[in-house]
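Undergrad: Below: one structure in structure tokens.
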Amino acid sequence: MASPILAITGASGSLYGIRLLQCLIEQGTEPVVLVSDAGRLVLKVELGADRLSDLVGARGYHQEAIANFAAPIASGSAPTAGMVIAPCSVGTAAAIAHGISANLIHRAADVTLKERRRLIVVPRETPLHAGHLQNLLTLANLGATILPAMPAFYHKPATIEDLVDTVVARILDHLGIEHPMIRRWGQLHEMPLDDRL
């Protein structure tokens with residue numbers, strides 16, 4: 001079975017990538033993981049560790065060096081189950097939108113687009129200027145799914161993890177991976193909607 005690619009870049013929101021990695025492992029997908037240098041820095045600042053194994057607590061994934069253009073995922077001949085960049089910095093989005101392959105994250109995303117596979121970009125930046133928006137529009141026009149890290153609140157989250165899971169669940173939905181992570185709209189309560197608001 002083809003594996004998905006997960007890239008973690010230097011935008012704030014490392015927990016989105018780590019939680020997604022945990023879920024992908026739990027679902028038995030054996031993802032290929034790429035972490036940029038800035039992504040490693042942000043992981044350490046936000047989560048207090050700089051090794052994925054310390055954060056994930058288990059193996060079940062393959063990590064590639066982002067300078068390794070000889071990696072299988074640098075070529076369209078290697079089948080994958082799509083790619084997610086979570087979180088995605090605006091710099092990474094710009095490079096991919098303009099076909100600049102300065103590292104393996106950019107190249108793998110370019111391959112994903114040219115092979116018409118799923119590319120899910122999870123931007124985590126605010127505010128966005130016109131250049132950021134134009135780059136995201138370019139990616140959408142190239143076939144990428146732009147899935148901003150915007151948690152839902154209708155299920156009344158109690159923890160940061162609850163908020164993160166609403167975004168990760170949507171990513172898994174768009175990858176076509178079944179999961180039991182969240183209660184969906186209409187499954188929240190038996191009480192009328194007016195009573196919940």
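Undergrad: Quick check on the range 107-139: of everything there that is buried (at least 18 other Cβ atoms within 10 Å of the Cβ) and acidic (Asp, Glu), which residue is nearest to residue 3 (Cα to Cα)?
TA: Applying the filter and picking the extreme gives 110.
Undergrad: Now for a different question. Among the residues of the range 95-124, write down those that are under 16 Å from the mean Cα position of the chain (by Cα), part of a helix (DSSP H, G or I) and aliphatic (A, V, I, L, M).
TA: 96, 104, 105, 108, 109, 113
Undergrad: Next up: Consider residue 83 carefully, then state whether it is at pLDDT below 95 and of a type in the set (A, V, I, L, M).
TA: no
Undergrad: Hey, another quick one. Every residue in the range 1-29 that is crowded, with 24+ Cβ neighbours inside 10 Å, polar (S, T, N, Q) and outside any loop (DSSP other than H, G, I, E, B), please.
TA: 14
Undergrad: Any idea which residue in the range 133-152 is nearest to residue 12 (Cα to Cα), counting only those that are touching a helix residue (DSSP H, G or I) at 6+ places or on another chain (Cβ under 8 Å) and either at pLDDT below 95 or assigned to a loop (DSSP other than H, G, I, E, B) (or both)?
TA: Going through the qualifying residues, I end up with 149.
Undergrad: Are there any pairs, at least 6 apart or on different chains, whose C-beta atoms fall under 6 Å, with the first in the range 72-86 and in contact (Cβ under 8 Å) with a residue 24 or more places away in the chain and the second in a loop (DSSP other than H, G, I, E, B), and if so, which?
TA: Taking only residues 6 or more apart or on different chains, the pairs are 76/115; 79/2; 80/2; 81/2; 82/117; 82/118.
Undergrad: Being out of contact with any Asp or Glu (no Cβ under 7 Å at 6 or more places or on another chain), surrounded by 20 or more Cβ atoms within 10 Å (Cβ to Cβ) and more than 23 Å from residue 163 (Cβ to Cβ) is the requirement here; does residue 83 meet it?
TA: So residue 83 passes the test.
The values are calculated or read from the model by the stated rules, or taken from the named source; none is laboratory data. Since we're looking at a predicted model, the values are computed, not measured. Counting neighbours? That spans all protein chains shown, and the Cβs are built from the backbone with ideal geometry, glycine included.
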